[in-house]
Amino acid sequence: CPAPCVCDNLRAHVLCLNGNLTAIPGTIPQLTKKLDLRGNSFTVIPVGAFLTTPYLTHLDLQRCKVEKLEEGAFRGLGRLVYLNLASNSIALLYQESLDGLSSLQQLILEGNRIEEIQPGAFGHLGSLTVLDLRANALVYLPDMVFQGLQVLRWLRLSHNALHVLGSEAFAALPALHRLSLDHNELQALPGEALARLDGVTQLDLGHNPITYVAEEALAMASLKHLFLDHAALQDVAPDAFAHSPQLRTLDLRENQLQGLPPLAGVRGLARVSLAGNPLLCSCLLRPFHNWLARARVQVEGVCAAPPALRGRPLDSLRPPEMRCGRPWLAPSPAVPSEQPRVAGSGQCPQGCACSPDFRHGSCENRDLREIPRGFPGDTRLLDLRRNAFRMVPPGAFPGLKELVSLHLQSCSIGALRPGALRGLESLVYLYLTDNCLSTLVATAFEGAPRLAYLDLDHNAFTRLPAGAFQLLPNLISLHLQHNAIGELAEGDLDGARGLRWLYLAGNTIKHIAPAALAPAKMLEKLHLEGNCLAEVPTAALRGLSTLSELKLSRNPIKHIRDSAFLPVASSLQHLYLDNMGLEQISPGAFTGLGPKIRSLYLESNKMSNIPDMSNFTGLEILNLRDVPFHCDCQLLPLRRWIDKLNLHVGATCGSPAEARGLKVRLSTTFQTCPGTGKAGGARPDKTKASSKPSKKKSSGKSPARGFKKSRA
């Protein structure tokens, strides 16, 4: 059994938890069936990483800092039925990333950074029944993206940023029973895409900014349970669900509905929930009220007006009480008409490859000096990586109104001219990684108003291109990692009012102006690791009321002062303070932080004590490895707190000499502390291998979660 793993040969289980492994151990017993590698640091899963363990049925790689799955990484695992890759940093799924997993039934990819899925990525997963893609960065789903998933029953896409779905995105899912699209950015019911799902019985669309459900918007023959709660609904057409005849429950809680019309075609409907809507119980609500009684539909909801009926449940009203005195509904919002889609008939440029099925065009690595023209007009993805364009001229992509994803990585591009993207009205993703850009003007993005994901990593920027985002109202994710940016100044992010994720790792940032981040009031993730900050930029965090993840790792911050994170204390969930050479944390540094904090990384620092964190009751991950704690009586409160945690924290003593190298839990130096008695002595190490508290339900919600609970 390889160190530092624990092997249970009887059950063929191997656990290598929360260690410092940077490569998959090559000496794992060949007959191993369950392999748990949570909490290591692999970064890349290389080709054939598990060829020596062909009998694996369960593989857990949660929280392993994985950024890339090489094509063929899982080849040889034909028996694997469960693969958990949650809470890593995977950004892109390639066509062969999951090759070889013909028996896989459950794939958990929750909590990564997946921004794009290439069609064909799941083509080898013919046995998959559950696919979990929650909490990633998906903005767009192309046609046929789930091709090959013939027996998939539950597709989980919650908590992404989806606002564009190809009309054929779900076309290849004949066995799907449940689809979760809640907590996304859908502004209209994606009826055309959903019409392909004949077998879906439950559809979750809550927490999307949908304002109107149009006539015959949903045609799903088997749908029984529809959730449209916590959206922005102002009106629903009478025959909105007429082509979903099996509908039994309709959840419309917490919207802006003042009422509903009688609903046509839903003869099996048993329950409608309207709780939390501003219902106006006037005479114009009588038709809906009468329909409820005739159709014997239960309703949940109370009147908000008129004053005489405020607080009355709908089902307690009598028709004579519902009088008219003034208009009860504003005019229905206009429904934007869709432009007809015209399929392109253009030929593929010479030397390039075009796929009419996937609507892809590719001229990758052809040593081209100019951007080719003549791609089919219905092209959705255009791959021009690894050429030598040097610049993108005005109007470089004529006739590509349906283009969604444009790849221009590693093309020696030094300039994006004004009007370069003109006409790309559907563009969502723009990849400009590994080029020579040092500046950008706003007019470069003119004509691409839907751009949501902009990747400018590994360029030559010395500061943020101020004002460049004025024409990008839908920008959600901005990557500027590994440039030479030295500071963030006021005005740098003007126009980026919808920005959610800002990645600035690997620059030389020394200063962030107090108002530099102010335009990005919706910011959720801020990655500043690997810069030159000497202190926490507390003033710059003011106004970021939705920030949930802050990374300050690998900055030369020696002292964290009182109230350093107070401006974001009400929203912060994940805080990275590792590998900084940190020497001191003030007693009030974590003021305001508490049960919302789910993960805290403090490993590889130099402080000898940390402040009281007893109110961090929601912690799922706490990393204190490689911190030289001074194990004397002043550390006793921390030692007692660690004793109560059901977490593997990795805390060890750095001093005094007799305790050096011992786990804080096991050090006997606390036995002499006043008032400790028996409780202060060393106890058996009850550290659980799981990274989550035992009382907290697993987020996976899958039958295989029993493997997650295995203990070292």
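The values are calculated or read from the model by the stated rules, or taken from the named source; none is laboratory data. Not measured: the values here are computed from a predicted model. Glycine gets a Cβ as well: all are built from the backbone with ideal geometry, and neighbour counts include every protein chain shown. Accessible surface is based on the protein model in full, side chains and every heavy atom, while ligands, DNA and RNA are left aside. Shrake-Rupley method; radii C 1.70, N 1.55, O 1.52, S 1.80 Å.
One table, with the values for the structure above:
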| read-out | value |
| --- | --- |
| Residue-normalised accessible area of the range 190-322, given per residue in Å² at a 1.4 Å probe | 41 Å² |
| Among [x] 16, 44, 34, 7, 0; [y] 15, 39, 34, 11, 1; [z] 12, 17, 16, 15, 14, 11, 8, 6, 1, 0, the entry derived from the coordinates for P(r) over Cα pairs in 20 Å bins from 0, in percent | [x] |
| Computed Rg/Rh of the range 190-322, alpha carbon atoms with Kirkwood Rh | 0.96 |
| For the chain, share of DSSP beta bridges that run antiparallel, in % to the nearest 5 | 10 percent |
| Simple label model, 7 Å out from Cα along Cβ direction - Cys324 to Ser614, nm | 6.5 nm |
| Rounded to 10°, Cα long-axis angle of helix 286-295 versus longest principal axis of the chain | 80 degrees |
| Magnitude of the charge dipole, the chain, Cβ model with Lys/Arg +1 and Asp/Glu -1, debye to 20 | 2320 debye |
| Cα gyration tensor, the range 478-600 - rounded (a/c under 1.5), prolate or oblate | oblate |
| Average accessible surface area per residue within the range 385-450, 1.4 Å rolling probe, Å² | 34 Å² |
| In the range 384-417, the trypsin sites (Lys or Arg not before Pro) that fall in loop regions by DSSP, at most 14 other Cβ within 10 Å | Arg390 |
| In the range 452-551, the trypsin sites (Lys or Arg not before Pro) that fall in loop regions by DSSP, at most 15 other Cβ within 10 Å | Arg497, Lys510, Lys521, Arg542 |
| Approximate spin-label separation Glu425-Leu317, in nm, with each point projected 7 Å along Cα-to-Cβ | 4.2 nm |
| Isolated Cys residues of the chain, judged by Cβ distance under 4.7 Å to other cysteines | Cys64, Cys411, Cys436, Cys532 |
| Euclidean distance between Cα centres, the range 374-401 to the range 165-242, Å | 33 Å |
| Estimated translational D of the range 139-253 in µm²/s (Stokes, Kirkwood radius over Cα pairs; 20 °C; 1.002 mPa s) | 154 µm²/s |
| Fully extended contour minus Cα-Cα distance, from Arg296 to Ser570, at 0.36 nm per residue | 94.2 nm |
| Sulfur and carbon atoms: percent of accessible area, the chain [1.4 Å] | 51 percent |
| Electrostatic dipole magnitude of the range 558-669 [Cβ: Lys, Arg +1; Asp, Glu -1; Cα centre; debye, to 20] | 140 debye |
| Charge dipole (the range 190-322, unit charges on Cβ, about Cα centre) - positive-most of Cys283, Gly191, Ser244 | Cys283 |
| Lys/Arg +1, Asp/Glu -1 at C-beta; the chain dipole; positive extreme among Tyr503, Phe469, Leu228 | Leu228 |
| Between the range 438-493 and the range 27-81, the Cα center-to-center distance that results, in Å | 37 Å |
| Distance from the range 145-159 to the range 252-281 (C-alpha centre basis), Å | 30 Å |
